[in-house]
Amino acid sequence: MIRLDLASIRGAADDATRIRSAFDASDDTARAAAAASGHDELARTIERFASTWDDRRRGFAEHIGDVAAALDAIERSFADLDRSLAREPGRG
């Protein structure tokens, strides 16, 4: 017999979705920090960081979105299988 904690899988999918949202929402954080730094060289350094971070952040967001989708599909598939097996005669 296989036992899966579908609530934990669902929770992991939801967590991954929230993480992706956080990455997506932090688009201009570094640029805002550069503008508020009050020092030209520091602002340029922050801007350089922001430009590379934006690319990496978008990549992280995309990959964590893929993880969320996979976890969601796993949870739905096993829940569907469980319901299907429960409807079979002689089961349940």
Does the range 4-12 contain at least one residue that is assigned to a loop (DSSP other than H, G, I, E, B) and in contact (Cβ under 8 Å) with a residue 40 or more places away in the chain?
-> yes
Quick one: in the range 10-37, of everything that is of a type in the set (S, T, N, Q) and closer than 13 Å to Phe60 by Cα, which residue is nearest to the chain's Cα centre (by Cα)?
-> Thr17
Any hit, the range 71-84, residues being at pLDDT below 90 and of a type in the set (Val, Ile, Thr) = no
In the range 45-92, which residues are farther than 15 Å from Asp28 by Cα, charged (D, E, K, R) and over 17 Å from the mean Cα position of the chain (by Cα)?
-> Arg76, Asp80, Asp82, Arg83, Arg87, Glu88, Arg91
The one condition in (1) modelled with pLDDT of 90 or more; (2) loosely packed, with under 12 Cβ neighbours inside 10 Å that Arg20 fails to fulfil | (2)
Considering only residues that are under 11 Å from Leu6 (Cα atoms) and touching a Leu at 6+ places or on another chain (Cβ under 7 Å), look in the range 62-92 and name the one that is least open to solvent (accessible area, probe 1.4 Å).
-> Ala79
Looking at the range 28-61, which of its residues are open to solvent by 60 Å² or more (accessible area, probe 1.4 Å) and either in contact with a strand residue (DSSP E or B) (Cβ under 8 Å, 6 or more places away or on another chain) or under 30 Å from Arg76 (Cβ atoms) (or both)?
-> Arg58, Phe60
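The values are calculated or read from the model by the stated rules, or taken from the named source; none is laboratory data. Remember, predicted model here, so these are calculated numbers, not experimental data. Cβ: placed from backbone, ideal geometry, glycine included. Neighbour counts: every protein chain shown. In case anyone asks, the SASA skips ligands and DNA or RNA and just uses the protein heavy atoms, side chains included. Shrake-Rupley method; radii C 1.70, N 1.55, O 1.52, S 1.80 Å.
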